[in-house]
Amino acid sequence: MASLIQDYEQQYAVLSAEITSDIGKINRISGVERKELISSVNSSLDEVQELLEQMQLEIRDANASNKTGLTSRLNCYQAELKRLKQEFVNAKTNRNDTTISIESTDYDHMGESINDEQQRRLLDNSERIERTGNRLADGYRTILETEQIGATVLQDLAEQREQIQRSRSRLRETNEDLRLSSRIMNSMIVRSLRERAILYGVVFLFIVVVSLSIYLSVAKD
């Protein structure tokens with residue numbers, strides 16, 4: 001499951017970067033090419049939305065220890081998608097505003113304004129792409145760190161499990177030794193009682209024989 005979520009995140013990083021780049025191109029082209037680019041951005045935004053929904057379903061089935069971090073990253077992705085949608089709307093709207101401005105100014109001033117505006121937007125888009133790339137790099141680094149921590153925790157749990165199993169094995173061996181010692185002790189006690197009973201019997205028989213011998217000697221006299 002973690003691998004599937006990581007794949008979703010990588011797909012999201014690629015799509016969001018492409019969308020950011022395409023949004024920056026919308027106001028630099030016109031005609032059929034612009035319409036096709038707008039349609040492509042719409043499709044990409046829908047694909048990202050569906051990707052985040054799939055990711056949300058996977059996070060619901062994730063372990064409780066990982067769910068908090070995954071949910072936090074998903075919220076960041078959703079906020080980023082919302083920002084991209086707003087930038088897409090602004091890009092289309094700014095195109096209309098530029099057209100109105102062109103109709104109400106002279107040609108020379110229009111060319112200068114458009115060039116300045118395009119340069120400013122190119123710089124803004126470049127900065128946004130760089131910021132997005134940095135955020136994605138930070139997110140990917142966080143994923144790797146989380147994965148490494150998870151692997152360390154799993155390794156510790158595996159070692160603890162082995163220790164518990166060894167302790168249980170030693171405990172079973174100790175119980176076997178105690179039962180064997182108990183049987184030996186019981187056997188020794190029974191043997192001791194048997195030998196004591198035999199000894200008492202021999203002493204009693206000796207006393208009887210001695211008493212009988214004395215009695216017979218006295219009787220002859």
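The values are calculated or read from the model by the stated rules, or taken from the named source; none is laboratory data. Since the model is a prediction, treat every value here as computed from it, not as a measurement. Cβ: placed from backbone, ideal geometry, glycine included. Neighbour counts: every protein chain shown. For the accessible areas, the whole protein counts, side chains as well, though only heavy atoms, and no ligand, DNA or RNA atoms are used. Shrake-Rupley method; radii C 1.70, N 1.55, O 1.52, S 1.80 Å.
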Among the residues of region 1-37, write down those that are under 17 Å from Leu81 (Cβ atoms), surrounded by 14 or more Cβ atoms within 10 Å (Cβ to Cβ) and of a type in the set (A, V, I, L, M). Ile5, Ala13, Leu15, Ala17, Ile19, Ile23
So is Glu80 modelled with pLDDT of 85 or more, assigned to a helix (DSSP H, G or I) and either open to solvent by 60 Å² or more (accessible area, probe 1.4 Å) or among the small types (Gly, Ala, Ser) (or both) or not? no
Considering every residue within region 155-163, establish whether at least one is at pLDDT 70 or above and open to solvent by less than 60 Å² (accessible area, probe 1.4 Å). yes
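Are any residues in region 3-58 hydrophobic (A, V, I, L, M, F, W, C) and out of contact with any helix residue (DSSP H, G or I) (no Cβ under 7 Å at 6 or more places or on another chain), and if so, which ones?
Of region 3-58, the ones hydrophobic (A, V, I, L, M, F, W, C) are 4-5, 13-15, 17, 19, 23, 26, 29, 32, 37-38, 41, 45, 48, 51-52, 55, 57.
Within region 3-58, Val14, Val32, Leu57 meet the criteria.
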Taking the options Thr146, Thr174, name whichever one is modelled with pLDDT of 75 or more, hydroxyl-bearing (Ser, Thr, Tyr), surrounded by 10 or more Cβ atoms within 10 Å (Cβ to Cβ) and within 30 Å of Glu18 (Cβ to Cβ). Thr146
Search result, residues across region 133-143 that are of a type in the set (Val, Ile, Thr) and at pLDDT 75 or above: Thr142
Need pairs with beta-carbon distance below 8 Å; first residue within 14 Å of Glu9 (Cβ to Cβ) and in contact (Cβ under 8 Å) with a residue 24 or more places away in the chain and within region 45-65, second among the basic types (Lys, Arg) and assigned to a helix (DSSP H, G or I); sequence gap 6+ or separate chains. Ile59/Lys67
Which of the residues that make up region 179-221 are open to solvent by less than 70 Å² (accessible area, probe 1.4 Å) and of a type in the set (S, T, N, Q)? Ser181, Ser182, Ser187, Ser192, Ser211, Ser213, Ser217
